[in-house]
Amino acid sequence: MTILNVPDMSCGHCKAAIEKAVGGVDAAARLEFDMDKRTVSVESSAPLDTILAALKAEGYEATTA
């Protein structure tokens, strides 16, 4: 699993948008959210840069933890 820092993630809407973005590049991806730490753990077969680009397109700048 890759842990991503998503500093702008703060609510259920953010979580849904992130799920949609990652699901768009890998429908089988597994995500675990920690809203307090503003991190998302991602298990996916998609390349990391593809996932980061999908998040950026949704308005979320993410970096690896």
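Electrostatic tally near residue 18: other residues with Cβ closer than 15 Å to its Cβ, Lys and Arg +1, Asp and Glu -1, net -2. Determine, at each q value in 0.20, 0.30 (inverse angstroms), the log₁₀ of I(q)/I(0) that the Debye formula gives when each Cα of the chain is one equal point scatterer. Debye output, listed in q order: -0.65, -1.70. By the count of other C-beta atoms within 10 Å, a proxy for reagent exposure, 49, 8 are ordered fewest to most as 49, 8.
A short reminder: the numbers here are calculations on the coordinates, not readings from a lab. Computed from a predicted structure; not experimentally measured. Here the Cβ is made from the backbone with ideal geometry for all residues, glycine too, and neighbour counts use every protein chain on show.
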